[in-house]
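Enquirer: Submitted below is the structure of interest, expressed as structure tokens.
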């Protein structure tokens, strides 16, 4: 088995990391060869848009994120879930949760207006429940009043003691509102300042106020390099740009580099930013089907800038937001500008503020001085003119990087506000042509680090096809009857569909009156195995 991963961002590296682990000791059942893995990265450094700020000199050894991700990104458990075995144990020990919850339980709220904390019977809970009674217990002493002050308007403290609290929580699937009681119990931490056009600043809810959503003294860029890149660094080839993927032959896929080198592989994982696919920087031969072209073209993206400014003192909240009315043109996304404390939770005497990159697309046409001046002017309005004097007292130190100028990545962020990816996220989970996988944040809708999760899923599903635990042939007797139109679906019809394969392969059909899942009855059509590598006898 040979695999080429195109792109060494967090999605591509996670895919390679898991493939290497899954294939440890594995031998091809036909050739007796081990896994052949290559990761081609067009840039001179790995990580894609997930980078550590290594310049300017005044940053020193403070490990700050430069990349397109937010300063307050995902929860630590989301990063831990990308890791395996001792790596995961090391990460959890190194970055334990700020509040060591020992027990988290949940119950569906009964919706009793007279007693909002009444629990429904039977006691159950889940991601689809919008309002639950969450109980969070710890061995530590809790500051209940501080926790209570962060509740949303329709949340209610039901009971509490020094080491637990139980509350009516607004959950549901939104990350802002937790998603589950497990998530909800971690939603406390950052202070947030909101400023209106009249320069009045008020404390407000902060959707990424979880104290576990950033790593103290450790950037996400360093996480990627230390935990994902280091174990597989020998498989990575920098300065290797893939410009063509030719899958005409059923024998091997031919991937061509800009300097003319050809990779001949069995599987390809495309882990480049969607901006590169939209620009057609990689040519597919034959071309991609219309459904892929349509979804790639329609996906909204945007870039931005990141500017870092050092102050002599900390006069600001962890986050300060400004609506578009304070200067940012209304671009249809309704995003306000947000300024973050870039060293929140760090052991440093430095006071550094940055602007969130994906909320300031209009600034990509501005000069460095214009960007810094806007930052200072906004913070002067928010904090009674304290920003500019503090900036000058610290030596007028700043650093700005324009994401739009970053080759091969442009620091592209998916616009989830105006572009739904619900339709496309289904077929991206299965390989195109049974051999070409798409990995990236544009392929997922669920919580967690979407690029990393998609890379991990691709590795697991890809390896499963080569592991040959299932005989690679479809049962001609398997059928499923569509209850909407009584259409009879068999393995052949599943194999022929482009857009509905993922959905159909989740159905339970039957063989001779016995219920059989589609993936068991049609392993070849559902891409559970690959006929060329898994013997049929």
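Coordinate-derived values only; no laboratory data. Since the model is a prediction, treat every value here as computed from it, not as a measurement. Quick reminder, even Gly has a Cβ in these numbers, built from the backbone with ideal geometry, and neighbours come from all protein chains shown.
Enquirer: What distance in nm lies between label points placed 7 Å from Cα along the C-beta direction at residue 110 and residue 314?
Expert: 4.5
Enquirer: Could you rank the peptides 302-315, 484-497, 47-60 by their average count of other C-beta atoms within 10 Å per residue, with the highest value first?
Expert: Result, highest mean first: 302-315, 47-60, 484-497.
Enquirer: A further question follows. Based only on other Cβ atoms within 10 Å, what is the fewest-to-most ordering of 251, 500?
Expert: Ordered by Cβ neighbours within 10 Å, fewest first: 251, 500.
Enquirer: How far is it, in nm, from the label point at residue 93 to the one at residue 262 when both lie 7 Å from their Cα along the line to the Cβ?
Expert: Taking the two extended label points, one gets 4.9 nm.
Enquirer: Oh, and also: Starting from the Cα gyration tensor of the stretch 470-512, take the square roots of the eigenvalues, sort them a ≥ b ≥ c, and report rounded, prolate or oblate (rounded when a/c is under 1.5, otherwise prolate if a/b is larger than b/c, else oblate).
Expert: oblate
Enquirer: Between residue 217 and residue 31, take the C-beta separation as r, use R0 = 45 Å, and let me know the FRET efficiency to the nearest 0.05.
Expert: According to the calculation, E is roughly 0.45.
Enquirer: Separate question: With a 10 Å Cβ neighbour count serving as the proxy for reagent exposure, in which order, fewest first, do 401, 110, 347, 444 appear?
Expert: Ranked by crowding around the Cβ, least crowded first: 347, 110, 401, 444.
Enquirer: Starting from the exponent 0.38 and prefactor 2.2 Å, build the expected Rg for the stretch 427-518 from its residue count and divide its actual Cα Rg by it.
Expert: 1.23
Enquirer: In nm, to one decimal, how far is the residue 250 label point from the residue 280 one, both placed 7 Å along Cα→Cβ?
Expert: 2.9
Enquirer: Exposure proxy check: 108, 248, 114 ranked by fewest other beta carbons within 10 Å?
Expert: Going from sparsest to densest Cβ surroundings: 114, 248, 108.
Enquirer: Highest mean first, what order results for 8-18, 367-377 on Cβ atoms within 10 Å?
Expert: 8-18, 367-377
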